[in-house]
Amino acid sequence: MTAIEPVMTFDPAHGVVHASTRRPSHASFSALDGWLTCPGRWVANRLLPKPIEWGSPLVLGGIAHAALELACRTPENQSPDWGALTLAGIRLERDRVAARGWGDEPVPAGVPMPDGREAGDADWARAAADRLSGFALSDALGRPLEPVAMEQELHADVAGIPLTGSVDCRDAAGIVVDWKTGRVPARADGRRRHADQLRVYRMLLETAGVCEVRGARDVYVEHRAWADADISDAACTDTLSRLHPAWDGMLRATGDDGTGMFPLRPSGLCSWCPVARACPLARLIPAGARAAASSVGPDDPRVAVMGTHTAGVESFESRVSNGKEPALDLLAMIGGAPDAAAPGTDAGAAAAAPSKRWSPAAAAPVRRGPDPWVTPEGRATAAKWLGADAVGTDGSATEPEPKPATPADDDPWAKPVAPAPDDPWNPTKTESKPAEPEPEPAAPEAKPAKASDPFAGLMPGTAAPEPKPAAPEPKAPEPAPVKPTAGGPLRAVEGKPFEPSLTGTTLNVAGYGFGQLLMTHAHAAVLADGHDDWVAPIGMELLKVQWAAGRKAFGARVPDIPGLEKGAPDRAALLAWLDSTPSRDTERAVRALLDADPMLKAGESDTLDSRLDRIRAAGRGTYTALAAAITLIEA
Ligand code: SF4
């Protein structure tokens, strides 16, 4: 009996897998994106693809796309029969495969369903129709769709990458629609990848001379949500900067003259990889246990692991950090790094160091594929997307001009925070005066909030029936008067946590209030989810709802903060509030409510406004919770 040769050999010590595969002649966005996720997984998908299981998103997505294509032929029909269309879509795809002579069957054979029966056309069609149920084409753009092309196949050289793709739907207004049958990605990198795909479509359509693209949108048909992509030249350039290393990496690793080395990039997605159980660096998570179960296992003869007799498997990161072994420059292996490490550098030492467990192939110089930027086509395309000035005479992209730093960039303490000149929340802004009595609680029925209500303007329409509000407080302890500060430079000292965060112009960086200000903005960064320019507005909204909920629940114990409503809070008043225990507890309550709220709900678009709405809702919920607790104690 002939022994089966492994097709993938893992080298955990160097964080790569060895495999041989044909060099691709072109690349789709999903192939490049798959490479960026993990080159090892990319090659595993080619060599050891996972068997298809019932409910496969790939199969259901293919059928749903075919049904949507058919629906687009009669866009005036606002209530398509998705059951009939998914069945017709299967037939359409089957005819195409037969005409082409290659391709995957739209419905895979021999896939058992949970009841043991083999899934047939009707079963897959029904499951796909469930995803489309209730969807109308006019949901895509909020108006009747005017499709001028569906499933349009495109091939073009974009910045030296021979790209290929199929555009789901193009509207007469020059808007590209990409149908998505999954959820809106909860994470920023997922949404960025979806947007990258739309930018690729823009570049393909325009490079191929088909049309000018005026907009591009992902439409999540099952969840009735959508997300527009920024398809500006700058965003396209950004996308290309990610795809280029992927294409370059593919060229280096594949083909008869390729290195045959594919870097491993463990992530939370490992469980869904075809070689999840065999890969020594896989990061398997409980949520993916079922998916991982159907992957190739370590005892499968088609996979092998180098150096398994050695002392266990370490992650690449731990080897880098423990300094036991010089780090292999993974970046160089996937492209985007200098060709050769300079002698005397860490990377150079790593390249020169003899490896204990390494095949001769590893010591051989890495052969790079052709640099697409130096081909005439690549340069012409780069000039288009990057601008002629951005392309050097050798075809390389030039560095953008560094921007001079503003004084505020240099010194964060130098920027004065001016109190708002006419703050309606604090008409006595220039005097040290106790806070106003607690504003009246809103009436049980919906009506506009009063001007004195801290939720006014902040939480429009606030009128939820209130559990017994905190009692009127004629005798409530008055907050320590807070003098609005004039701003100006601060002197930072490290005092005690329980000491005021701000005394005059001395900032106690160990103060509770200052720490809470930092943590509120760290929370804002989490909620901004990769949008750096959203951190400040989200941080300000969090401060507003914390204060508003606290003020409404605790009454006049919570001091006024001049300027907060307008986004320019008096810093002394703000830090005095943040130093307080009610502020800490309110912040915790807001955070707990936001943590329990999914980042994006069905039908919710990924915008700053939607984030701010969530925060305001959490503010209302926080007040309700605090008021209920206070009522319980006061009863
Ligand atoms: S298990 Fe993870 S690290 Fe290993 S090849 Fe698959 S995706 Fe890459």
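The values are calculated or read from the model by the stated rules, or taken from the named source; none is laboratory data. Not measured: the values here are computed from a predicted model. Cβ atoms come from the backbone with ideal geometry, glycine included; neighbour counts cover every protein chain shown. Surface areas here come from the heavy atoms of the whole protein model, side chains and all, with no ligands, DNA or RNA. Shrake-Rupley method; radii C 1.70, N 1.55, O 1.52, S 1.80 Å.
Between the beta carbons of Asp533 and Ala3, assuming R0 = 41 Å, the FRET efficiency works out to 0.10 to the nearest 0.05.
Solvent exposure of region 125-244 amounts to 37 Å² per residue of accessible area, where only protein heavy atoms count and the probe is 1.4 Å.
Counting heavy atoms of the protein chains alone, Phe29 has an accessible area of about 20 Å² for a 1.4 Å probe. With a Förster radius of 51 Å applied to the C-beta separation of Gln78 and Arg22, the computed FRET efficiency comes to 0.65. Across the accessible surface of region 31-116, with the other protein chains kept in place and a 1.4 Å probe, carbon and sulfur atoms take up 58 percent.
Excluding Leu154 itself, what net charge comes from residues whose Cβ is under 14 Å from its Cβ, given Lys and Arg +1 and Asp and Glu -1?
Around Leu154, the charge tally is -3.
Here the calculated FRET efficiency for Glu151 and Arg588, from their Cβ-Cβ distance with R0 = 56 Å, stands at 0.65, rounded to the nearest 0.05.
Residues Leu626, Leu564, sorted by accessible area with the largest first, give Leu626, Leu564 [1.4 Å probe; ligands and nucleic acids excluded]. Length available on full extension from Arg143 to Ala522: 0.36 nm per residue minus the Cα-Cα distance, which gives 132.5 nm. Per-residue accessible area (protein heavy atoms, 1.4 Å probe) orders Arg202, Arg620, Arg491 as Arg491, Arg620, Arg202, starting from the largest.
Quick one: order Ser501, Ser30 from most to least accessible surface, probe 1.4 Å.
Values: Ser501 0, Ser30 80 Å².
Largest accessible area first, the list is Ser30, Ser501.
Counting heavy atoms of the protein chains alone, Trp179 has an accessible area of about 10 Å² for a 1.4 Å probe.
Counting only the heavy atoms of the protein chains, how much of Met306 is accessible to a 1.4 Å probe, in Å² to the nearest 10? Solvent-accessible area, nearest 10 Å²: 50 Å². Proximity of backbone amide H atoms, modeled 1.01 Å from N, is registered between Gly488 and Val417 at under 5 Å, excluding neighbours fewer than 5 places apart on the same chain.
Residues in region 3-66 average 40 Å² of solvent-accessible surface per residue, probe 1.4 Å, ligands and nucleic acids excluded.
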